1. Can you name the helices (runs of 4 or more DSSP H) wholly within segment 1-87 that have at least 3 residues being among the basic types (Lys, Arg) and either within 30 Å of Ile100 (Cβ to Cβ) or at pLDDT 85 or above (or both)?
2. Answer yes if at least one residue in segment 221-241 is more than 13 Å from Gly26 (Cβ to Cβ), out of contact with any Pro (no Cβ under 6 Å at 6 or more places or on another chain) and modelled with pLDDT of 85 or more, and no otherwise.
3. How about segment 52-75: which of its residues are buried (at least 24 other Cβ atoms within 10 Å of the Cβ), small (Gly, Ala, Ser) and under 13 Å from Ala177 (Cα atoms)?
4. I'd like to verify a number: residues in segment 175-230 that are without any contact (Cβ under 8 Å) to a residue 60 or more places away in the chain and either surrounded by 22 or more Cβ atoms within 10 Å (Cβ to Cβ) or β-branched (Val, Ile, Thr) (or both), how many?
5. For a quick check of your reading of the model, give me the residue pairs whose first member lies in segment 61-85 and is closer than 24 Å to Ala214 by Cα and in contact (Cβ under 8 Å) with a residue 40 or more places away in the chain, whose second is aliphatic (A, V, I, L, M) and surrounded by fewer than 23 Cβ atoms within 10 Å (Cβ to Cβ), with beta-carbon atoms closer than 6 Å and at least 6 apart or on different chains.
Amino acid sequence: MTATLVLVLALSVVIGLSLGVLGGGGSILTVPILVYVAGFEAKEAIAASLFVVGVTSAVSVLSHARGGRVMWRTGLIFGAAGMAGAFVGGLLGGHVPGQILLIAFAVMMVATSAAMLRGRKKKSDDGSAPVKHELPLGRVLLDGAVVGLITGLVGAGGGFLVVPALALLGGLPMSVAVGTSLVVIAMKSFAGLAGYLTTVQLDWGITLGVTAAAIAGTLAGSKLAGRIPEGALRKAFGWFVLAMGTFVLIQQAPADLRLFIAAAVAVLTAATAGICWFFISSCPLRNRSRRPSSIPSPA
């Protein structure tokens, strides 16, 4: 076993940990690992990532389901709509230049990370957590189809899109969004893979090895997901996606634009961090101003 293969398998364990803990990030890691470490072509890496993430997500969802962190109706309907979009995206992706796919992949990662770091604007100011409930059918179908199309096109299993869709738009608690997203990811990944296999051939030896290592990681990661605080989980997801998106974007950009891209992402990061700090620092003041006084009023 060569040193490169050992490194690929070791990094694949991290793929599983990401899926188990965050409900996404599998393709965000798999595509760069297969391209920059294993030496896959972009389209082959995208297709292989769909297989790896699909199988790994299917295994990971079992642990989340036992912990009551899966909304099955929402996940299955979202996944079914996403499968149709992912298959079409996979067909289209086979005819788009690989560099364009990776750039689109990275841009969406950076944009999604900003949304996750900003967080969801609460409808009420009472500090209550999001409610665990099934989402409306129309919204699930629409979001599923759009996310599925993007998933199939750029080869991402969709966690970095599905988790925000469920947590930010749908209002599910982050831990439930993570578990439910794995159902969606597995369904859409296999549909997108079917589209890619019409034009792309895979190295099944490495692909299966990466899948096995990722499964080992996800079994450990899924046990940690329910023990991590909501805010910490969302922010960790956001910063992780931002870092990986920036890396891929810089790698694919022309040399004379890399410094500009790094500076632009730094500005976005600073702005996002400033917004987060504003809400963190101002919320206690707002809450204190609305809290009933403990001093009795004079008669």
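The values are calculated or read from the model by the stated rules, or taken from the named source; none is laboratory data. In this text, all values refer to a predicted model and were calculated from it rather than measured experimentally. Every residue, glycine as well, gets a Cβ built from its backbone with ideal geometry; the counts of neighbours run over all protein chains shown.
1. Values: elements: 3-22, 26-32, 42-66.
Counting at least 3 such residues, we get no helices (runs of 4 or more DSSP H) at all.
2. The answer is no; no qualifying residue exists.
3. The answer is Gly75, and nothing else.
4. Within segment 175-230, residues that are without any contact (Cβ under 8 Å) to a residue 60 or more places away in the chain and either surrounded by 22 or more Cβ atoms within 10 Å (Cβ to Cβ) or β-branched (Val, Ile, Thr) (or both) number 0.
5. If the second residue must be aliphatic (A, V, I, L, M) and surrounded by fewer than 23 Cβ atoms within 10 Å (Cβ to Cβ), the pairs left are His64/Val70.
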